[in-house]
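First the structure, in the form of structure tokens, and then the observations on it.
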Amino acid sequence: MMQKTIADKISFCGIGQHKGLENSINLYPADVNTGIVFVIKGQEFHYDVNNVFGAGGYTCIGDKDGINLKTIEHLMSAVAGLGIDNLLLKTDSEEMPILDGSSLPFITKLKEVGIVEQNAKKKFIKILKKVEFQDENAFVSIEPTQKNLLTLDVSIEYNDIPVIGNQNFVVDLNEENYLNFIAPARTYARMKDVEYLHSKGLCLGATLNSGVAVDENGVINPEGLRFGDEFVKHKILDAVGDLFVFGHSVIGYYKNIKGGHFHNNQLVRKVLADTSNFEIIEL
């Protein structure tokens with residue numbers, strides 16, 4: 001398997017989820033072994049645990065107290081789902097465009113510009129030992145697998161929201177499964193939470209065009225859901241992007257019970273803290 005990048009420059013534009021302002025980002029091809037590199041307001045950040053952190057409801061890259069870019073997880077999920085290894089991203093914005101709240105718009109444009117193979121073998125991070133992270137809210141783990149890919153096993157529990165309830169989905173991460181089952185799944189929120197945040201001048205980009213809103217009676221979006229289990233599939237979408245912080249595609253079995261961006265980020269940090277937990281291989 002060979003490393004991949006995009007064939008030409010592409011751009012994404014749209015409002016951000018939090019401030020509701022217009023944002024844009026440009027993506028460029030990158031040389032072999034570059035990895036994923038962001039240039040934010042002229043400052044360079046590699047997509048790794050030194051620069052990426054889970055901040056509540058989103059993933060952010062940059063300096064926590066300085067220059068950073070919020071809500072990168074849907075784009076990074078698309079990049080990982082398509083097996084792209086090397087990419088340069090440039091922006092002067094503070095947020096990624098939220099678009100429709102899924103990875104599908106990113107996937108569509110990436111595939112339109114084209115994904116090209118490069119003259120170097122693809123590298124993977126292979127999990128050798130089981131590693132867990134948990135707190136009072138959630139549990140995440142990753143462990144060795146006999147398959148040469150990442151399997152994601154994700155569960156969510158919303159006993160107070162009947163339309164969501166308890167959902168579980170298990171999927172082997174390959175391009176076909178990603179495109180068919182994961183990429184279209186949109187982010188979601190309780191309508192009362194969105195209304196409250198709007199009243200405080202927060203989450204101003206959240207609309208029925210940028211995700212799924214639910215209340216005690218069901219889904220508010222007039223078009224309904226894309227999948228009956230769209231909620232848990234979006235959690236898988238998020239995890240694909242968050243686990244790409246490893247720096248390479250992952251070979252392992254990942255399990256998530258009610259975990260979010262913070263938990264995923266902490267799991268990656270815990271794995272990388274001990275080199276006996278993993279090895280870097282080529283296939």
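The values are calculated or read from the model by the stated rules, or taken from the named source; none is laboratory data. Note that the structure is a prediction, hence the values are computed from the model and not measured. So basically every Cβ, Gly included, is an ideal-geometry build from the backbone, and we count neighbours across all protein chains shown.
Restricting the search to strands (runs of 3 or more DSSP E) fully inside the stretch 120-164 and requiring at least 1 residues that are closer than 17 Å to Ala80 by Cβ gives 123-127, 139-143, 150-158. Residue-level check: of (1) touching a residue at least 60 places away in the same chain (Cβ under 8 Å); (2) over 26 Å from Gln146 (Cα atoms); (3) touching a Gly at 6+ places or on another chain (Cβ under 9 Å), Pro162 misses just (1). For Phe231, the stated conditions hold: it is more than 27 Å from His46 (Cα to Cα), out of contact with any helix residue (DSSP H, G or I) (no Cβ under 6 Å at 6 or more places or on another chain) and either in a strand (DSSP E or B) or among the aromatic types (Phe, Trp, Tyr) (or both). Per the listing Asn26, Asn33, Asn86, the residue uniquely modelled with pLDDT of 95 or more and buried (at least 17 other Cβ atoms within 10 Å of the Cβ) is Asn86. Residue count for the stretch 175-226 satisfying the condition of being in a loop (DSSP other than H, G, I, E, B), over 22 Å from the mean Cα position of the chain (by Cα) and either at pLDDT 95 or above or polar (S, T, N, Q) (or both): 6.
Give the residue that is surrounded by the fewest Cβ atoms within 10 Å (Cβ to Cβ), with candidates limited to residues of the stretch 47-62 that are touching a Phe, Trp or Tyr at 6+ places or on another chain (Cβ under 8 Å) and without any contact (Cβ under 8 Å) to a residue 24 or more places away in the chain. Filtering the stretch 47-62 for residues that are touching a Phe, Trp or Tyr at 6+ places or on another chain (Cβ under 8 Å) and without any contact (Cβ under 8 Å) to a residue 24 or more places away in the chain, the one surrounded by the fewest Cβ atoms within 10 Å (Cβ to Cβ) comes out as Asn51.
The strands (runs of 3 or more DSSP E) located wholly in the stretch 18-92 that include 2 or more residues which are among the polar types (S, T, N, Q) occupy 22-29. Which one is surrounded by the most Cβ atoms within 10 Å (Cβ to Cβ), of the residues in the stretch 244-283 that are among the aliphatic types (A, V, I, L, M) and not in a helix (DSSP H, G or I)? In this case the residue turns out to be Val250. All conditions in (1) modelled with pLDDT of 95 or more; (2) over 22 Å from Leu243 (Cβ atoms) hold for Gly20, with the sole exception of (1). For the stretch 65-80, the criterion of being more than 17 Å from the chain's Cα centre (by Cα), over 18 Å from Val39 (Cβ atoms) and at pLDDT below 95 is satisfied by at least one residue. Restricting attention to the stretch 143-201 and to residues that are out of contact with any strand residue (DSSP E or B) (no Cβ under 8 Å at 6 or more places or on another chain) and small (Gly, Ala, Ser), the residue that is nearest to Leu110 (Cα to Cα) turns out to be Ala183. In the stretch 96-138, of all residues being surrounded by fewer than 16 Cβ atoms within 10 Å (Cβ to Cβ) and of a type in the set (S, T, N, Q), the one that is farthest from Lys258 (Cα to Cα) corresponds to Asn119.
Could you check, for the stretch 2-19, whether at least one of its residues is at positive phi and out of contact with any helix residue (DSSP H, G or I) (no Cβ under 9 Å at 6 or more places or on another chain)?
Scanning the stretch 2-19 turns up no residue that is at positive phi and out of contact with any helix residue (DSSP H, G or I) (no Cβ under 9 Å at 6 or more places or on another chain).
A search for C-beta distances below 6 Å between a residue of the stretch 79-102 that is on the phi < 0 side of the Ramachandran plot and any residue that is of a type in the set (Lys, Arg), counting only pairs 6+ apart in sequence or on different chains, returns Ile84/Lys4; Asp85/Lys4; Asp92/Lys41; Glu95/Lys70; Ser102/Arg186. Quick one: would you say Ser93 is at pLDDT 95 or above, surrounded by fewer than 16 Cβ atoms within 10 Å (Cβ to Cβ) and polar (S, T, N, Q)? Here the answer is no, as Ser93 does not meet what is asked.
Can you tell me which residue among Asn168, Asn159 is polar (S, T, N, Q), surrounded by fewer than 18 Cβ atoms within 10 Å (Cβ to Cβ), under 22 Å from the mean Cα position of the chain (by Cα) and on the phi < 0 side of the Ramachandran plot? Criteria check complete, one pass: Asn168.
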